[in-house]
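Peer 1: The structure under discussion is supplied below as structure tokens; questions concerning it will follow.
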Amino acid sequence: MELRRLTATDADDYKIIRLEALKNNPEAFSSSFEEELEYSTEIFEGRLSTEHIHTFGAFVEKRLVGTVTLICETKNKIKHRATIVAMYVLSEQRKSGVGKALMNEAITKAKELKEIEQIYLAVTASNEPAKRLYGSLGFVTYGVDRNGLKIGDTYFDEELMVLKV
């Protein structure tokens, strides 16, 4: 497995895995498949070219099989914070260490950025495998966003987690 930061040249591959994530696990993301399906490749290139946004990819045999994004805050009063979003691993690669490796890559990057003291994330409260992974890395729950997501008529709670780095 190869891990690296994605760049604008990875936009097509990133768009494919991102749309798969949104389609297969809509309850795990605030964006929807229908919204992002309309996005141009240039929008994905922009996401992968922003200085304070670090998106990492895991590759197996040159195929992008997982992603995670670390967003660093830019305002002075909250520059000590970063947020992990868009964590996804292809179903056939789960339980193989890809998710943990991606999370460790994002945490390592946050530690390299001397300003970052805390990393936040939100996880669907019913997603036990993800919560176990985040807990194993030191994240702790500090709150629950009741009915944080709504898909159709169904609500999903989100656990809010933080890691001090």
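Peer 1: Restricting attention to the range 42-145, which trypsin sites (Lys or Arg not before Pro) occupy a DSSP loop and are surrounded by at most 12 other Cβ atoms within 10 Å?
Peer 2: Lys62, Lys75, Lys95, Lys114
Peer 1: For Lys23, give me every one of the lysines with a C-alpha distance below 16 angstrom, ignoring sequence neighbours fewer than eight places off in its own chain.
Peer 2: Lys15, Lys150
Peer 1: Take each uninterrupted DSSP H stretch in the chain, measure its Cα extent along the helix axis, and return the ones at 20 Å or beyond whose mean Kyte-Doolittle hydropathy is at least -1.0.
Peer 2: Answer set is 98-112.
Peer 1: For the range 54-126, state which GluC sites (Glu not before Pro) are in a DSSP loop and have at most 10 other beta carbons lying within 10 Å of their beta carbon.
Peer 2: Glu61
Peer 1: Could you rank the peptides 31-37, 147-153 by their average count of other C-beta atoms within 10 Å per residue, with the highest value first?
Peer 2: 31-37, 147-153
Peer 1: Please list the non-local residues whose amide H lies under 5 Å from the amide H of Phe139, H modeled 1.01 Å from N, same-chain partners needing a gap of 5 or more.
Peer 2: none
Peer 1: A further question on this structure: Could you tell me whether the range 51-165 comes out rounded, prolate or oblate from its Cα gyration tensor? Rule is a ≥ b ≥ c as square roots of the eigenvalues, rounded for a/c under 1.5, then prolate if a/b exceeds b/c, otherwise oblate.
Peer 2: Oblate is the answer for the range 51-165, as a/c is 1.5 or above yet b/c matches or exceeds a/b.
Peer 1: Sticking with this structure for a sec: Can you give me the Cα centroid spacing of the range 35-56 and the range 1-27 in angstrom?
Peer 2: 10 Å
Peer 1: Can you give the % of DSSP beta bridges in the range 2-164 that are antiparallel, to the nearest 5?
Peer 2: 90 percent
Peer 1: Something else now. Show that you can apply the helix-only estimate: for the chain, add -39,500 (n - 2.57) for every DSSP H stretch of four or more residues, divide by all residues, and state [θ] at 222 nm to the nearest 500. Intermediate values should be presented prior to the final figure.
Peer 2: Details: 5 runs with 50 residues, N = 165.
Calculated mean residue ellipticity at 222 nm is -9000 deg cm²/dmol.
Bear in mind that the values in this text are calculations on the coordinates, not laboratory data. Please read these numbers as outputs of a predicted model, since none were measured by experiment. Cβ sites come from the backbone with ideal geometry, for glycine too, and all protein chains shown count toward neighbours.
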